[in-house]
Amino acid sequence: MATASGETDAEFRARIHDWLATNLSGEFAGLRGAGGPGREHEFFDERVAWERHLAAAGLNCIGWPAENGGGGASIAQQVIFHEEYARAGAPAKVSHLGQELLGPTLISFGSDEQKTRFLPAIRDVRELWCQGYSEPGAGSDLANVSTTARLEGDEWVISGQKVWTSLAHVADWCFVVARTEPGSARHKGLSYLLVPMDQPGVEVRPIVQLTGTSEFNEVFFDGARTAAANVVGEPGQGWRVAMGTLAFERGVATLGQQIGFRRELQTLTDLALDTGAADRPEVADALRRAWTELDVMRAHALRALGSAETGTAEVAKLLWANWHRRLGEIAMTVRGAAGLLADPELDEWQRLYLFTRADTIYGGSNEIQRNIIAERVLGLPREARP
Ligand SMILES: Cc1cc2nc3c(=O)[nH]c(=O)nc-3n(C[C@H](O)[C@H](O)[C@H](O)COP(=O)(O)OP(=O)(O)OC[C@H]3O[C@@H](n4cnc5c(N)ncnc54)[C@H](O)[C@@H]3O)c2cc1C
């Protein structure tokens, strides 16, 4: 397991480092750097196999408590794991929505039966999950959810539309926020349901992105069904559970993400030096700023980890999303005219540039983060709400 008793953090780091170096070889060697936002289509089956391999070694869900089948790793060890994982160039996880979002949600809010039924299948990568929150009329304003579910005998019957549902086309299950109390409004009367995707009442339509790939989807529920027991928390109290899930979205993985950013920036800096683009003052200046900001971001993320202070998570999201979007812009400056041609397909920098436009939208848009900071940290007047 990831938390052999008596192991120091340095020993833990060395063990993870060695394990990744040894195991990202042979059939998995080609997976280094694969997957992630804008590139989820890459080596999909192979990445599932890789994650099952991690699970067999006890290296999936290391932050879950041991009594829930996880590794019981400390926060420091989780940070170390994510750092080493990113440093090794290990592939982006296809099961992250289950492992990082739903798993912790079930551990906090789920029944014993739900934990027994769902957690092992998430950890062992036997079932993949997607997140059914956003709708055409409910994004930033999630409380406007209009998908409905009603109890019919011993099943919930669900109707409505979700949108931007990442990885729904490969998911076995979806955690869905639905309105279960007719006539209720805003955050009252919502429930958090676990819904199987492979059934006649569920239709998944891929959305083609700017990058030309399709990793998110529209999901239509038309009389879809799930067992009455598949509600997390009390029926009608789903808002609290849904907000709990969002809090997990900003966990320790952020620090691993920054090691990935560092690798991207190093590769771009090397490219700028090789091509002579770094001789242009605007490129050199942008790269220097990016390196400095990366350090600021890391210092902030470390501070945010141990802090429940309002606003730290929002500042962290603003910092990384804007930084990464700018990195895409710097990449286009470095590439110059060559960056304007897709020959024959988008290259990694073009894909990065296009996909990072979305970084400042998902996980809470820039404007929403700023609203929260303005109202809850700076005490500025609240905006008018319906
Ligand atoms: C790559 C990607 C993956 C995603 N994956 C998922 C997923 O798996 N599951 C899921 O449920 N959703 C997913 N989403 C959806 C995401 O959560 C929403 O896009 C996000 O919440 C914004 O909602 P919206 O798109 O409806 O935009 P809107 O909420 O309509 O916002 C439009 C614009 O108005 C601004 N705005 C809105 N309200 C305010 C306000 N009160 N004050 C100031 N400005 C405001 C926003 O900042 C934005 O610029 C994904 C999105 C992206 C880009």
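Every number here is computed from the coordinates shown, using simple stated rules; none is lab data. All values reported here derive from a predicted model rather than from experimental measurement. Cβ: placed from backbone, ideal geometry, glycine included. Neighbour counts: every protein chain shown.
Around the Cα centre of the chain, unit charges on the Cβ atoms of Lys, Arg, Asp and Glu (plus for the first two, minus for the last two) sum to a dipole of about 880 debye. Annotation: peptides 210-218, 95-103, ranked by per-residue average of other Cβ atoms within 10 Å with the highest first, follow the order 95-103, 210-218. In nanometres, what is the gap between the two model label sites at residue 21 and residue 141, each 7 Å from Cα along Cα-to-Cβ? Each label point lies 7 Å from its Cα, and together they span 5.5 nm.
Karplus-based coupling profile of the range 340-357, in residue order and whole Hz: 8, 9, 9, 10, x, 10, 4, 8, 4, 6, 5, 5, 4, 4, 5, 6, 5, 4, with θ = phi - 60° in 6.51 cos²θ - 1.76 cosθ + 1.60 and x standing for Gly or Pro. Which entries in 93/115; 93/188; 115/162 show an alpha-carbon gap greater than 23 Å? With Cα atoms farther than 23 Å apart: 93/188; 115/162. Put the Cα centre of the range 5-46 next to the Cα centre of the range 322-386 and the gap is 27 Å. At 222 nm, what value in deg cm²/dmol follows for the chain if DSSP H runs of at least 4 each add -39500 (n - 2.57) and the sum is divided by all its residues, to the nearest 500? Value at 222 nm, helices only, nearest 500: -13500 deg cm²/dmol. For the range 241-246, putting each phi into the Karplus relation 6.51 cos²θ - 1.76 cosθ + 1.60 with θ = phi - 60° gives couplings of 5, 4, 5, x, 4, 4 Hz, in residue order, rounded to whole numbers and with x for Gly and Pro.
Rounded to the nearest 0.05, what FRET efficiency do residue 154 and residue 308 give with R0 = 56 Å and r taken as the Cβ-Cβ distance? Could you check? With a Förster radius of 56 Å, E is 0.90.
Coordinate range of the alpha-carbon atoms in the range 240-367 per principal axis, descending: 50, 30, 24 Å. Across the range 176-233, the convex hull enclosing all Cα atoms gives 122 Å³ per residue. Taken along the Cα-to-beta-carbon direction at a fixed 7 Å, the label points for residue 384 and residue 295 span 4.7 nm. Using the Kirkwood formula on the Cα atoms of the range 1-63, what hydrodynamic radius do you get, in angstrom to one decimal? It works out to 13.0 Å.
Taken one residue at a time, the phi angles of the range 57-63 give Karplus couplings (6.51, -1.76, 1.60, θ = phi - 60°) of 8, x, 10, 9, 6, 5, x Hz. Gly and Pro are set to x.
Computed over every Cα-Cα pair of the range 73-188 and binned at 5 Å starting from 0, the pair-distance distribution P(r) comes out as 2, 10, 15, 18, 20, 17, 8, 5, 3, 1, 0 percent.
Amide hydrogen proximity for residue 207: with H placed 1.01 Å from N in the peptide plane, the residues at 5 or more positions away or on another chain lying under 5 Å are 216, 217, 218. Taking Lys and Arg as +1 and Asp and Glu as -1, the other residues whose beta-carbon sits under 13 Å from that of residue 370 total -2.
Summarising the label geometry, the points placed 7 Å from Cα in the beta-carbon direction at residue 338 and residue 228 lie 6.5 nm from one another. If you take the alpha carbon atoms of the chain and fit the smallest convex hull around them, that volume is 153 Å³ per residue. Taking the Cα centre of the range 5-45 as origin and assigning +1 to Lys and Arg Cβ atoms and -1 to Asp and Glu Cβ atoms, the resulting dipole is close to 120 debye. For the range 137-268, taking Cα atoms only, Rg and Dmax work out to 16.9, 58 Å respectively.
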